[in-house]
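Visitor: Take this structure, written in structure tokens, and hold onto it; I'll ask about it next.
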């Protein structure tokens, strides 16, 4: 029995042989990823007809490790791969998959998510952006906000209202919008922590081919739930692990990842930097203060349970189960941890925690933590929304009373 548990899956040797034969570290990044995608080894759990091999979800980690061991790089990462591609796999037509999936996997096309609006954040179904049919195109006008990467995106996944007579959920449609057009204006938003990770997007009669409607008119809410399920289960896009070599192709992949993940450089501060709490207490000689010790213990408890929840969610995905309540639980736990950590940093450092600039090193980071942590309770669904999801869908509690009966 022990021998069976340690035995490698049968496909590993086949993949090693393929990678050793085809990998060229001096090659072209898009060319290599195209070949990897067409082989099915880049996303082995995907359907065979769409750049996969119909292998179990556990094969993804196995194949990534084989690529890493060979000094090779994998498919492109980011919003395009982790949110857009799964949505297209589930809902798009064969023609749409044929047009959009491969450029996503190779990194040739960058995507952004255009869901939230100034008046429709947590209550996303109240969105006001309007789409009207005009022959072989849809004409879209409105405003979106809190979009990462919109300034560099080639395409966006967009929700717009196509029917005002239906209920607010049923009147929404899901579009793939070309971003590089004059009718789409992207403006960066300056945050109070000094970063500009997000944008607001203005659409003034932007044009979208009729063929870029996903599913049917009015199906947008159902399609969006697939995207949101993947967003909340991932919580944050993982950075790929690169081989330790300086080959041209690996260096090109690293540059691409550096550019993408620079947008999220402040996310560790948004999460509260809980691992810095105890070192900060020790540096200032406050590790024996009863209040500080209590805060440190609470943070460590939250941190460990968050790790276990993430592992449980990963195990569920490897077993082939769809994203479940673990995503909302993990998201809410991150918010609680961030708030507790910010309070601990403030308690330990006092007024020194609000100082900025290199003269206050190593405490300068804490000022950014304190102005970044409020975002953790808002981004990706507010704490209140996560509590409703957990209460209603996990615990089976009655739905929260609403001010109207429109579903």
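Visitor: Per DSSP helix of 4 or more residues, -39500 (n - 2.57); summed, then divided by the residues of the chain. What does that give at 222 nm, rounded to the nearest 500? Can you show the working numbers first?
Guide: Values: 14 runs with 168 residues, N = 407.
Per the formula, -13000 deg cm²/dmol.
Visitor: What's the extension gain from residue 166 to residue 68 if we count 0.36 nm per residue and subtract their Cα-Cα distance?
Guide: On the way: separation 98, 0.36 × 98 = 35.28 nm, distance 5.06 nm.
The span from residue 166 to residue 68 would gain 30.2 nm if fully extended.
Visitor: Under a crude label model (7 Å from the Cα following the beta-carbon direction), how far is residue 378 from residue 392 in nanometres?
Guide: Going from the residue 378 label point to the residue 392 one covers 2.3 nm.
Visitor: Ok, one more. When ranked by the protection proxy of mean other Cβ atoms within 10 Å per residue, highest first, what sequence do the peptides 52-63, 271-282 form?
Guide: Details: 52-63: 17.4, 271-282: 20.3.
Listed from highest to lowest mean packing, they are 271-282, 52-63.
Visitor: Under 37 °C and 0.692 mPa s, how fast does the range 122-272 diffuse according to Stokes-Einstein, given a Kirkwood radius computed over C-alpha pairs? Answer in µm²/s, whole number. If you can, show how the numbers build up before the last one.
Guide: On the way: Rh = 17.4 Å.
Using the Kirkwood radius from Cα pairs, D works out to 189 µm²/s.
Visitor: Here is a further query. Between the range 294-338 and the range 2-76, what's the alpha-carbon centroid distance in Å?
Guide: 29
Visitor: Take the chain, connect every pair of alpha-carbon atoms lying under 10 Å apart with a spring to form a Gaussian network, then pick out the residue of 315, 153, 229 with the largest mean-square fluctuation.
Guide: Largest GNM mean-square fluctuation: 315.
Visitor: How high is the FRET efficiency between residue 245 and residue 311 when r is their beta carbon distance and R₀ equals 22 Å, given to the nearest 0.05? Spell out each step's value before the answer.
Guide: Values: r = 30 Å, r/R0 = 1.37.
Result of the calculation: an efficiency of 0.15.
Visitor: Let me ask you something else. Please give the length that would be gained between residue 137 and residue 49 if that part of the chain were fully extended, namely 0.36 nm times their separation in residues minus their C-alpha to C-alpha distance (nm, one decimal). Display every interim value, and only then the final one.
Guide: Values: separation 88, 0.36 × 88 = 31.68 nm, distance 2.89 nm.
28.8 nm is the gain from fully extending residue 137 to residue 49.
Visitor: So, in nm, how far is label residue 289 from label residue 61 when the simple model puts each one 7 Å beyond its Cα toward the Cβ?
Guide: Result for the modelled spin labels: 4.0 nm.
Visitor: Using Cα centres only, tell me the gap between the range 96-124 and the range 144-222 in whole Å.
Guide: Answer, in whole Å: 8.
Visitor: Take the chain, drop everything but the C-alpha atoms, weight them equally and run the Debye formula without solvent; then report log10 I(q)/I(0) at 0.11, 0.13 Å⁻¹ to two decimals.
Guide: Once normalised to I(0) and log-transformed, intensities are -0.95, -1.27.
Visitor: Let me ask something else about it. How many nm separate the modelled label positions at residue 205 and residue 17, each set 7 Å beyond the Cα in the direction of the Cβ?
Guide: 6.1
Visitor: So, one more: Pop the C-beta distance of residue 346 and residue 304 into the FRET formula with R0 = 30 Å and round what comes out to the nearest 0.05. Display every interim value, and only then the final one.
Guide: Values: r = 23 Å, r/R0 = 0.76.
Given R0 = 30 Å and the Cβ-Cβ separation, E is 0.85.
Visitor: If each Cα of the range 266-394 is one equal point scatterer, what is log10 of I(q)/I(0) from the Debye formula at q = 0.09, 0.15, 0.17 Å⁻¹?
Guide: Debye output, listed in q order: -0.30, -0.74, -0.88.
Just so you know, all these numbers are worked out from the coordinates, no wet-lab data involved. These numbers come from a predicted model, not from an experiment. Note: ideal-geometry Cβ built from the backbone for every residue, glycine included; neighbour counts use all protein chains shown.
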